[in-house]
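Below: one structure, written as structure tokens.
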Amino acid sequence: MKKVELILASSSPRRKELMETIGIPFKIEVSDIDESMNMENNLVEEIKELAYRKAKVIADQHPDAVILGADTIVVYKDEVLGKPIDEQDAFRMLKKLSNQTHEVLTGVCILNQGVKNTYCSISEVTFAELTDDEIWKYIKTKDPMDKAGAYGIQGFGGCFVKEIKGDYYTIMGLPLSLVYHELMKIIS
């Protein structure tokens, strides 16, 4: 394996945890960027662009490093469900997702000495029917408050998931197989 500096441009504890499973040493530097997206554009291209912008900020500071940027959005009927702004917003999102299928898009960018590679992994998630009490019980855990779509599949929110089509790790925020294989092309 080549000796490379790998930097994860993310503050997400889930992405950090997933990267640790790969076994490639890395460090974290958070890119503080405007994460707004143009909803008039193709969402696949927008999420890839957002991942690129996150990575680019760090790459400008570390031009010889390999930078990994990622971002995840939840889309239901062409509406992007970001992180809830408060408990009522979380309730609104979870009520909307109840007994419905939505998409989770995770954009990934790997910058390697000026070479840009971007990807988008898409998974479909179908929720069971949720009661208002179940939704409020989950919201009271505070788990939904920092997650796109107001849920995390790896925690109690996973109890709501009836079916998945696609990559589980995309839903967690980092398509692990894709990232691992693309990084191995660089360092092996």
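List of remarks:
- Residues 108, 57, arranged from fewest to most other Cβ atoms within 10 angstrom of their Cβ, appear as 57, 108.
- Site pair residue 42 and residue 22 shows an inter-label distance of 2.5 nm when each label is modelled 7 Å from Cα along Cα→Cβ.
- Each residue of the range 102-119 was assigned a 3J(HN,Hα) from its phi angle through the Karplus curve 6.51 cos²θ - 1.76 cosθ + 1.60 (θ = phi - 60°); the sequence is 9, 10, 10, 10, 10, x, 10, 10, 10, 9, 10, 6, x, 8, 9, 10, 10, 9 Hz, with glycine and proline shown as x.
- Modelled FRET efficiency - R0 25 Å, residue 187 with residue 146, Cβ distances, 0.05 increments: 0.20
- Helix runs (DSSP H) in the chain reaching 30 Å along axis by Cα, Kyte-Doolittle at least -0.5: none
- Checking the Cα-Cα distances for 48/165; 140/162; 3/165; 142/185; 56/162 against a 30 Å cut-off, the pairs over it are 3/165; 142/185; 56/162.
- Positive-end ranking of 141, 61, 31 along the dipole of the chain, with charges on Cβ about the Cα centre, is headed by 61.
- Euclidean distance between Cα centres, the range 1-68 to the range 116-188, Å: 17
- Mean residue ellipticity (222 nm) of the chain, computed from DSSP H runs ≥ 4 via -39,500 (n - 2.57), nearest 500: -10500 deg cm²/dmol
- Sorted by Cβ neighbour density within 10 Å, fewest at the top, the residues 153, 47, 28: 28, 153, 47
- Coil-residue trypsin sites (Lys or Arg not before Pro) of the range 56-97, DSSP, other Cβ within 10 Å capped at 13: 77
Every number in this text was worked out from the coordinates using simple rules, so none of it is lab data. In this text, all values refer to a predicted model and were calculated from it rather than measured experimentally. Don't worry about glycine lacking a Cβ; one is built from the backbone with ideal geometry, like all the others, and counts go over all protein chains shown.
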